[in-house]
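For reference, the structure is listed below as structure tokens.
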Amino acid sequence: MAIDDMLSELKDLAKVVDDATKKIGEFKKPVKESSDSIPLAQDGISDIIKETEKAANNIMNLLDEINENSNDIDKSLHNLIELNPIKKIKESLINLKDLNKKNLDKILDVLSLLSFQDLTGQKLYKIQNTLNETKVKLLKVLVDTEVEAKDIPKEKKAEIYGKLKDMVADNQKMAQNDVNSMLSELGF
């Protein structure tokens, strides 16, 4: 009777192991899909950071040129006013000088508003780092589940974990080719 009980327990245990293996298999596909889409998101964010930074720098350079031109205009208007022209001309020159001053003030306001670019870039870098950390965690889960699910020699396991450790060192951005190579090595 004890053997029958043991066989029954072994059958139950085999069923539990089989169910767990199936669940791990079901889990791998969404993790793999997530792992594939994260680099695309990271690349998109990198492109956005570069393009907004480039656009902001171009705008700031143009505003600097406009600011220099407006300062030259202001000096010229000041010199013309100093010549003490007839009243109507003097009033027009003073009006132009005031308008130019308002434009200079608006340029400074625009330059201040462009400082958002730096804050936006910082936020995007944080999102990019979060994506990279998520990619690292997903890769670790995939590697762990595959290495444990397969009958891999200890030396090969050590090699795989060594590669993984090198790839994720300091949470630096991993080269997608390296990730693909490792996943391919594990049968993905």
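Just so you know, all these numbers are worked out from the coordinates, no wet-lab data involved. It should be emphasised that the depicted structure is a prediction, and the values quoted were computed from it without experimental measurement. FYI the Cβ positions are ideal-geometry reconstructions off the backbone, even for glycines, and counts take in every protein chain you see.
Could you grab the Rg to Rh ratio for the stretch 77-123? Cα atoms only, Kirkwood for Rh.
Numbers: Rg = 17.6 Å, Rh = 12.9 Å.
Rg/Rh for the stretch 77-123 comes to 1.37.
To two decimal places, what compactness ratio does the stretch 126-176 give when its Cα radius of gyration is scaled by 2.2 N^0.38 Å?
1.24
Between residue 180 and residue 161, what is the spin-label point distance in nm, taking each point 7 Å from the Cα along the Cα→C-beta axis?
2.8 nm
What distance in nm separates the two pseudo spin-label positions at residue 150 and residue 55, each 7 Å out from Cα along the beta-carbon direction?
4.5 nm
Please check which bits of the stretch 44-67 a label hung off residue 111 would reach, taking the label as a point 7 Å along Cα-to-C-beta and the cut-off as backbone N under 20 Å.
Flagged as within label range: 53-67.
Taking a cut-off of 19 Å, what percent of all Cα-Cα pairs in the stretch 25-185 are separated by more than that?
Distances greater than 19 Å cover 69 percent of the Cα pairs.
Please report, largest first and rounded to whole Å, the three semi-axes of the ellipsoid equivalent to the stretch 71-164, where each semi-axis is the square root of five times an eigenvalue of the C-alpha gyration tensor.
Ellipsoid half-lengths, sorted descending, are 72, 11, 5 Å.
Over 25 Å between Cα atoms: which of 135/165; 54/123; 11/157; 15/137 fall into that group?
With Cα atoms farther than 25 Å apart: 11/157; 15/137.
If you stretched the chain out fully between residue 37 and residue 73, how much longer would it get, using 0.36 nm times the residue separation minus the C-alpha to C-alpha distance? Let's see the in-between values first.
Details: separation 36, 0.36 × 36 = 12.96 nm, distance 5.37 nm.
Answer, rounded to one decimal: 7.6 nm.
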